[in-house]
Amino acid sequence: MLFAIIIAIAALVIIGASFVVLRRDRNADLVIDDDAATPEIVDIADVAPGVAAPVDTATPEAAPEPEAAPKPTFRERLSTARSSLSGFLGSVFSGGINADTWDSLEEALIRADIGVATSTEIMEAVRARAEADDITESELLVDLVKAELVARLSGFDRSLSDDVAAAGGEPGPAVWLFVGVNGVGKTTTIGKLASRESADGKTLVLAAGDTFRAAAAEQLTMWAERSNVHIVRGAEGADPSSVVFDAVESANARNADIVMADTAGRLQTKTNLMEELSKVRRVAEKGAGTVTETLLVIDATTGQNGMSQAKQFADAVDVTGVVLTKLDGSAKGGIVVAIHSELGVPVKLVGLGEGINDLVEFDEAEFVDALFE
Ligand SMILES: Nc1nc2c(ncn2[C@@H]2O[C@H](COP(=O)(O)OP(=O)(O)O)[C@@H](O)[C@H]2O)c(=O)[nH]1
Ligand SMILES: [Mg+2]
C-alpha cells in the first residue's frame, strides 16, 4: 500500500515537472530574440507561417518598417577610421616628447587625410599649447589634439534651410540641389533624406535630374516609393534642367515644401560642368522655385582625390553644405577636417551605411570622440 502511494506521488512529481519544462519550451519558441542568431531560430517559421526558416539573422525584426531601425551612431560606425587615427597618435605620444614627436604628429594627421596645410596648423597649435602649459603626458596630448580638431569644426551652421524668403525668393517651393561626381551617393542620400523630411511632415517632390542613365531614375523612383513621395522623371537623355523645371512646377501646383533635385555626376571639362550646373540652378529658379541648399556629396573613402574633385564642384556652384557619404567604410576620418578648412563649407549630413536610416546630422564633438575612443 505504502509502496503504491510512493509510486503515485513520484508519478505526480514527474508529470508536474515535465509540464513545467514543456511550458518553458513553448515560451522559448515564442520569444523572438534579437540576439538569437542560433539554429533554434528555425522555430520562428512555426510562429510566423509562410516565412521561410531564416538562414542567417533574419528574425522578423531584421526586416522592419524603414522607420523602425535605429539611427546609427558615429561610435558604432567609425571603427575603421578610428583604428587608423587613434592608434597612430597613441604611438606618436607614447614615448613622451622628443625631437621627432611634432614631425610624427604632423605625419599622422596628414595620413588621416586632414590635408597638409591644415595638419601643419594643427600640429603647431598643439605644440604651442603643450609647450606653454608644459604638457608631456600622452593622454593629455591626445586631448589637446581632440580639442584643436573640435575647435576647427565648431561654429558652422549645419541646418538645412527651406526658407525661401531668407534666400531672397518669392513664396514657392524650396529647391535642394545635389551635386557631386558619379557614384558618391547622391541618389541614395536623396532617398534617405526624403524619408526623413517626409517623416518630419514636409511635402516633397523628387526630381530625377540624372537623365544620363535610365537606371538612375529607376533608382530614385524606388526611393520615392519607399517614402511615398512624388517624383518627376524625364526621358533618358533629356535635359536635366527641364526635369528640374517640371519638378518645380509640379511642386508649386501641389503646394509642396521642397524639391530635391538629383543631378548627373559627369565630370566633363570644368567649363562644361560649371555651365551645366549653373543652368540647372538658373532653370530651377525660373518659375516659382528658390534654391535654398546646394549640397555637395563627397565619398569619404576617396580621400584627397575626392577633395580635389570636390574643389572643382565648389568652384562651379555656390555650395551651401557637404553630405559626406560612406564614412562607415572610410579608414581616414580626417577628410571631415579638410572639407571644413579647405572648402570652407560645413559637413551637414553624414552617410554611415546604405540603409534608409543611415544618414545622420554631423556633430563635431561626437565625431571627434568617436575617432579617438
Ligand atoms: N557604405 C555606404 N554606402 C553608401 C553610402 N551612401 C551611398 N552608398 C552606396 O554607394 C553606391 C553609389 O550610390 P549612388 O547613390 O547611386 O551614387 P550617385 O551616383 O552619386 O547617385 C550605392 O551602392 C550606395 O548604396 C553610405 O553612406 N555608406
Ligand atoms: Mg545617382
Here the residues within region 92-125 that are more than 30 Å from the chain's Cα centre (by Cα) and part of a helix (DSSP H, G or I) are V92, F93, S94, T101, W102, D103, S104, E124, A125
Flag for G234 being over 28 Å from S308 (Cβ atoms), within 15 Å of ligand 2 (Cβ to nearest atom) and in contact with a Pro (Cβ under 8 Å, 6 or more places away or on another chain)
yes
Does any residue of region 241-258 turn out to be within 16 Å of ligand 2 (Cβ to nearest atom) and part of a loop (DSSP other than H, G, I, E, B)?
no
Would you point out the residue of region 344-373, among those that are in a helix (DSSP H, G or I) and surrounded by fewer than 20 Cβ atoms within 10 Å (Cβ to Cβ), that is nearest to ligand 2 (Cβ to nearest atom)?
E366
Going through region 260-290 in order, the residues found to be within 16 Å of ligand 2 (Cβ to nearest atom) and either in contact with a Gly (Cβ under 8 Å, 6 or more places away or on another chain) or of a type in the set (S, T, N, Q) (or both) are A261, D262, T263, A264, G265, V280
Top-ranked residue of region 175-217 - restricted to ones that are of a type in the set (F, W, Y) and surrounded by 19 or more Cβ atoms within 10 Å (Cβ to Cβ), ranked as farthest from ligand 2 (Cβ to nearest atom)
W176
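Coordinate-derived values only; no laboratory data. These numbers come from a predicted model, not from an experiment. For neighbour counting, all protein chains shown are included, and Cβ atoms are generated from backbone atoms with ideal geometry for every residue, glycine included.
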